[in-house]
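The values are calculated or read from the model by the stated rules, or taken from the named source; none is laboratory data. These numbers were taken from a predicted model, which means no experiment stands behind them. All Cβ positions, glycine included, derive from the backbone under ideal geometry; neighbour counts span all protein chains shown.
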Amino acid sequence: MASANARPWSLPRTRPRWTAWLGGLALVAIVLPVAVSCATLPRDPRWWAARRDSSGQAPDPATTPEAVAQVYAARAVGWRGVLGVHTWIAVKPRGASAYTRYEVIGWGVDRGLTAIRVNRGGPDDYWFGSRPELLVDQRGDGVDAVIAKVEAAVAAYPYPAIYRTWPGPNSNTFTAFVGRRVPELRLELPPTAIGKDYLPNGSPAAITPSGTGFQLSLLGLAGVLVGWEEGLELNLLGLTFGLDLNRPALKLPGLGRVGLP
């Protein structure tokens with residue numbers, strides 16, 4: 001016999017439908033961009049033989065006496081290129097006959113090589129078949145002072161003997177570190193620069209790489225960033241989701257910016 005307190009008409013509790021929709025949208029937001037990136041990016045199994053010559057974006061020092069500071073990003077080698085890019089910095093003081101290229105590379109670090117490499121290639125070379133994107137291009141008056149700050153930041157990088165592809169410190173951790181130390185660069189790293197949100201020495205907060213905002217980060221695994229140059233970015237396991245209002249665009253894993261350049 002049913003209890004007097006029983007409520008036979010009540011339904012079993014279920015999770016709200018909106019949580020299922022939210023989970024599905026989150027899954028699509030990750031899987032779809034990565035799948036498109038995987039399908040559209042060219043892949044050469046002989047990556048070691050891919051072109052590494054100049055892309056023609058750095059002015060010739062022989063005809064450009066003025067100071068030049070540039071930052072580049074190119075799709076990483078192999079499967080890493082589906083999700084991320086490799087970044088580096090190239091500088092040429094006034095009157096210099098050649099550029100100096102600074103970057104962090106993981107190859108050989110386990111054998112005692114330094115992670116910071118200098119002049120491993122030309123300032124604007126293809127990165128194993130990937131044409132680099134020019135992120136910063138500063139020339140002329142005042143750039144020598146910027147270059148001096150860049151060189152000081154390179155010397156102060158706290159991980160010269162450590163490299164970890166994910167979540168960092170890696171090549172993008174290095175470039176972001178220099179950007180924070182030299183806000184004059186106004187460096188906006190692409191959302192595919194995995195490792196840029198890995199803050200040195202486990203710090204939970206810092207200015208953004210562009211120097212125009214503020215970010216919080218949990219060891220590069222989760223965080224939020226707000227800046228005039230970067231817009232709004234959410235970091236989840238190193239993947240960036242965001243919205244750029246300054247130059248309207250979505251920021252998605254694998255695809256990067258989708259909108260105005």
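Of the residues making up the range 122-164, those that are at pLDDT 95 or above, more than 25 Å from T212 (Cβ to Cβ) and surrounded by fewer than 20 Cβ atoms within 10 Å (Cβ to Cβ) are G122, Y126, R131, P160, A161, I162, R164. Could you look through the range 222-243, keep only residues that are touching a residue at least 24 places away in the same chain (Cβ under 8 Å) and outside any strand (DSSP E or B), and pick out the one that is surrounded by the fewest Cβ atoms within 10 Å (Cβ to Cβ)? Of everything passing the filter in the range 222-243, L237 is surrounded by the fewest Cβ atoms within 10 Å (Cβ to Cβ).
For every residue, the table says whether it meets (1) assigned to a helix (DSSP H, G or I); (2) closer than 14 Å to R180 by Cα.
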| residue | (1), (2) |
| --- | --- |
| L134 | no, no |
| Q138 | no, no |
| D141 | no, no |
| A145 | yes, no |
| E151 | yes, yes |
| A161 | no, no |
| R164 | no, no |
| G168 | no, no |
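Looking across V109, V85, V77, one residue alone is at pLDDT 95 or above, of a type in the set (A, V, I, L, M, F, W, C) and closer than 23 Å to S130 by Cα. It is V85. In the range 55-82, how many residues are among the aliphatic types (A, V, I, L, M), closer than 22 Å to L189 by Cβ and surrounded by fewer than 21 Cβ atoms within 10 Å (Cβ to Cβ)? Qualifying residue count for the region: 2.
Restricting the range 248-261 to residues that are outside any strand (DSSP E or B) and touching a strand residue (DSSP E or B) at 6+ places or on another chain (Cβ under 7 Å) leaves a set whose member that is surrounded by the most Cβ atoms within 10 Å (Cβ to Cβ) is P253.
In the range 87-121, of all residues being of a type in the set (K, R) and farther than 19 Å from T63 by Cβ, the one that is surrounded by the fewest Cβ atoms within 10 Å (Cβ to Cβ) corresponds to R111. When restricted to residues that are over 12 Å from V146 (Cα atoms) and either in a helix (DSSP H, G or I) or β-branched (V, I, T) (or both), the range 176-207 contains 9.
Among residues that are without any contact (Cβ under 8 Å) to a residue 12 or more places away in the chain and charged (D, E, K, R), D110 is included. Condition first: touching an Asp or Glu at 6+ places or on another chain (Cβ under 8 Å), under 21 Å from V71 (Cα atoms) and not basic (K, R). Can you find one or more residues in the range 214-224 that meet it? Checked the range 214-224: no residue is touching an Asp or Glu at 6+ places or on another chain (Cβ under 8 Å), under 21 Å from V71 (Cα atoms) and not basic (K, R). Every listed requirement among (1) of a type outside the set (A, V, I, L, M); (2) modelled with pLDDT under 95; (3) in contact with a Leu (Cβ under 7 Å, 6 or more places away or on another chain) is met by N201 save one, (3). Looking only at the range 104-118, residues that are within 12 Å of F174 (Cβ to Cβ), in a loop (DSSP other than H, G, I, E, B) and not β-branched (V, I, T) come to 2 in all.
Here T173 fulfils each of the conditions (1) crowded, with 24+ Cβ neighbours inside 10 Å; (2) part of a loop (DSSP other than H, G, I, E, B) apart from (2).
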